[in-house]
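The values are calculated or read from the model by the stated rules, or taken from the named source; none is laboratory data. Just so it is clear, the structure is predicted and the values come from calculations on it, not from any experiment. Virtual Cβ from ideal backbone geometry, glycine too; neighbours counted across all protein chains shown. Side chains are part of the model used for accessible areas, which takes the heavy atoms of the whole protein and leaves out ligands, DNA and RNA. Shrake-Rupley method; radii C 1.70, N 1.55, O 1.52, S 1.80 Å.
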Amino acid sequence: MLVFIMRRPLPRWTRHFPSWFEPFQSQLPHKAQRRLAPLYVQGLCSMARRKSMTPMAQWIAPGSEDQFQHFITDSPWSTATLEPLFLQRANALLGGQDAVLIIDDTCLTKFGTKSVGVTKQYSGQVGGLTQCQCLVSLTLAQHIFPVPVSLRLFLPRDWTGDLQRMKAAGVPEEHQQTQSKWAVALEELDRLRPQLNFGLVLADAGYGATAAFRQALSERQLQWSVGIHSTQKVYPADVQLLPSVKPVHGRRSKYPTPSQPRQTVRETLANAVWHQVVWRQGTKAPLSGRFAAQYVCLADGTEYRQGQHLPGQAAWIIGEERRGGERKYSACNLPPETSFEHLVEVTKRRWACELTHRELKQEVGLDHFEGRSWRGLHHHAQLCMMALLFLQWLRLSQPDDLRGDSVPAIREELAGAVLPVRCMTCCSCTGLFSGP
């Protein structure tokens, strides 16, 4: 009798993925690694609901669960062998003077205490403190098209203060010292900068509120737009430093005196003119909001009294009024002649990293990794970034008859539909066609 069973056809990436991935394969030193790497990345791109090793192996390479486990958690290949070509591809796809490099972090919820870097810390995804790992991320974006170019685990103090715990998780010696997130981000920026082309660095207030971070970007002769707190102190742009005057009694101050008082960003922009600005055309309607901006000197110079600083860097401060009347603030070191509309447009590009984090988790399973080691987590993170780069390349190049206009649409299109296939024997053979 004729029995109809359901079979998934070969995914459409079989026409594009081998040639795209082959240069990466050649960078891996061992035959088993060259065989498993493309399978793992295809598993990340697949429609498997969970992208941990066993479900992916069952979807893309049945019987390879143990090999996947060894390849990711134990095999000593270095992400540095794949990274140069990866960055070259990312830069060719989205690099340029119109591109921005966005610094942020993303958290992976974790239970227990053994997974590397896990502790109770703030997670934006949860909106509060939770048990999680935190990855500092760098994203290269051109308008509405982002790709992640770096994911590095941040180690909290309760990890860096416990050498045995770090050794058990395989943390390399060069990463065992205590560092702030912004210091980790600067290290990654310095490491990747020679291989990427971008015109502006963006970051939220978690990084931009730190004067040392802003100053470090300026010292590197980079243009930046970063979030700041409403309490950030600023001076008027025309402030001058007056020589100290010897008092009648006591010693002369060794610091000059600002000619005008300082104010908070909130106070400075409170009486400014706020304009309605459209910064981008959305899929359904223009995206707009109310903004104000003023050119000032940030109070991040030399500390001359306890907690008080002399004028430092000249910069724009930009205020955005959101729904409900909430106001958020940014600082930007673009020249004083920069147009108001351009200030708003570049500042609002930070949202692209949120899109990247969502796609890393929802589309290629960044947060599905179940291992505990530093090596395993960074192997998985590097291959997740490569999977997302491949999907973004398909989205932008549209080879053959692909029509997806988003990463999720491209991934669904690659998977193909479930089609009926006639079996000439009996229903006992249904399991033979359960794989791709």
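Worth pointing out:
- Centroid-to-centroid, using Cα positions, the stretch 276-320 and the stretch 20-85 are 44 Å apart.
- Pair Lys114, Ala80: separation of 7 Å Cα→Cβ label points (nm): 2.9
- Dipole size of the stretch 308-381 about its Cα centre, with +1 on Lys/Arg Cβ and -1 on Asp/Glu Cβ: approximately 240 debye, rounded to the nearest 20.
- Of Lys51/Lys181; Lys181/Lys233; Lys167/Lys328; Lys31/Lys120; Lys120/Lys284, pairs whose Cα-Cα distance is over 30 Å: Lys167/Lys328; Lys31/Lys120; Lys120/Lys284
- Residues in the stretch 1-156 average 43 Å² of solvent-accessible surface per residue, probe 1.4 Å, ligands and nucleic acids excluded.
- Extension gain, Arg193 back to Phe145 (0.36 nm per residue minus Cα-Cα distance, nm): 15.4 nm
- Accessible carbon and sulfur surface of the chain relative to its total accessible area, %, 1.4 Å: 51
- Under the simplified labelling scheme, the Glu345-Lys167 pair shows an inter-label distance of 5.6 nm, with each label point 7 Å from Cα along Cα→Cβ.
- Stokes-Einstein translational diffusion, the stretch 162-278 - Kirkwood Rh over all Cα pairs, 1.567 mPa s, 4 °C, in µm²/s: 70
- Test item: Cα-centred dipole of the chain, Lys/Arg +1 and Asp/Glu -1 on Cβ, debye: 600
- Positive-end residue, the stretch 220-335 charge dipole about Cα centroid, Cβ charges, pick of Gly301, Pro236, Trp274: Gly301
- Computed Rg/Rh of the stretch 1-146, alpha carbon atoms with Kirkwood Rh: 1.02
- Helix runs (DSSP H) in the chain reaching 15 Å along axis by Cα, Kyte-Doolittle at least 0.0: 83-94, 374-397
- Helix-only [θ]222 nm of the chain, DSSP H runs n ≥ 4, -39500 (n - 2.57) each, per residue, nearest 500: -9500 deg cm²/dmol
- Remark: the stretch 159-275 carries a charge dipole of roughly 620 debye about the Cα centre, counting +1 on each Lys and Arg Cβ and -1 on each Asp and Glu Cβ.
- Distance from the alpha carbon centroid of the stretch 151-177 to that of the stretch 113-131 works out to 16 angstrom.
- Based on alpha carbons, the Rg and Dmax found for the stretch 274-383 are 19.8, 52 Å.
- Rg ratio for the stretch 59-122: its Cα radius of gyration over 2.2 N^0.38 Å, N being its residue count, equals 1.63.
- Å² per residue, accessible surface of the stretch 164-286 at 1.4 Å: 58
- Cα Rg over Rh - the chain, Kirkwood: 1.06
- The residue list Ser52, Leu101, Leu129 was ranked by how far each Cα lies along the charge dipole of the stretch 1-141 toward its positive end, using unit charges on Cβ atoms, and Ser52 comes out on top.
- Between Arg305 and Ala409, the simple spin-label model (points 7 angstrom out along Cα→Cβ) gives 5.9 nm.
- Förster radius 30 Å - calculated FRET efficiency between Leu396 and Val126 (Cβ-Cβ, nearest 0.05): 0.40
- The stretch 198-227 and the stretch 337-411 have their alpha-carbon centroids 22 Å apart.
- Applying 1/(1 + (r/R0)^6) with r as the Cβ-Cβ distance of Trp274 and Glu337 and R0 = 22 angstrom yields a FRET efficiency of 0.55.
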